[in-house]
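Undergrad: Mind having a look at this structure? Questions to follow.
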């Protein structure tokens, strides 16, 4: 792929993902240990590991066990239990087990709809209300490809409308994830060139800088894009989310599949409170929520729009969110 991009230099070591070396003594996770880890992970993240995931979990935990100098998975469980304050180690465990498959402009129809429908519609309603900013939450942002795709989409759409590059006064994108390691990667905003194959050519030229020397196989997202995105860690299981609503759109794509129905429902009903009246929720292509259609009107291709409040509780939540924004 040829890109006419300016050059930048950076430390290539910052981009090397930590390998998951597997010690021969750490390839098998017994039934009891698997059940204990599954319960612990579910309690702290809501993620439910189905039966048959023993090998996968052993592979992901083995590197952490070795780094701590422990002899096995049972020792790691005891280590987690005996720590007076295990919050930091729980974050390390969560970082090990979360799945972070993503790409730029994944499920492109969502970005097309954002540009052609949501932006002009939201801008028109904002002008009537005397406000300007479009606010979007990428609620499972992983390594940053999704929120940066959102930012580039908004830049293009708003620039066409206003004839100038939009600033932070017009756009705010909050990107959150439970995994601190992927958030660190996202904030660096440096990606391998082969990860950019779905990025439109005009976007490549306009919004990326190509590396040179040791970084020749990488490209960095330009500051006019990254400045629009605020990254923060949010564990959806926490009693309080460190985030302020309301939002025009929430992207929560390809995450529901890791939760049981009860957890899905709890997270979604809570997220709905952070949407503006008439706001949108985008899910992954394989994710469907028919039990919430009385609150969220299905559009097409896993896009939903918040219906007019039908009860006082939902209306009160929306009003409280508006006051936070």
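Undergrad: Can you tell me how many residues in the range 243-266 are surrounded by 18 or more Cβ atoms within 10 Å (Cβ to Cβ) and in contact with a strand residue (DSSP E or B) (Cβ under 8 Å, 6 or more places away or on another chain)?
TA: Going through the range 243-266 one residue at a time, the tally reaches 11.
Undergrad: Conditions: (1) without any contact (Cβ under 8 Å) to a residue 24 or more places away in the chain; (2) within 19 Å of residue 148 (Cα to Cα); (3) touching a helix residue (DSSP H, G or I) at 6+ places or on another chain (Cβ under 9 Å). Residue 281 meets all but one. Number of the miss?
TA: Looking at each condition in turn, residue 281 falls short on (1).
Undergrad: Taking the conditions exactly as written (at pLDDT below 95, within 30 Å of residue 250 (Cα to Cα) and surrounded by fewer than 17 Cβ atoms within 10 Å (Cβ to Cβ)), does residue 50 satisfy them or not?
TA: yes
Undergrad: Here's another thing I want to ask about it. Being out of contact with any helix residue (DSSP H, G or I) (no Cβ under 9 Å at 6 or more places or on another chain) and free of Cβ contacts under 8 Å to residues at least 40 places away in the same chain is the filter here, so list the residues in the range 217-252 that pass it.
TA: 223, 238, 239, 240, 242, listed by residue number.
Undergrad: Do we find that residue 274 is in contact with a helix residue (DSSP H, G or I) (Cβ under 9 Å, 6 or more places away or on another chain) and crowded, with 22+ Cβ neighbours inside 10 Å in this structure?
TA: When the stated conditions are applied, residue 274 passes them.
The values are calculated or read from the model by the stated rules, or taken from the named source; none is laboratory data. Treat the numbers as computed from the prediction; the structure is a model and nothing was measured. Don't worry about glycine lacking a Cβ; one is built from the backbone with ideal geometry, like all the others, and counts go over all protein chains shown.
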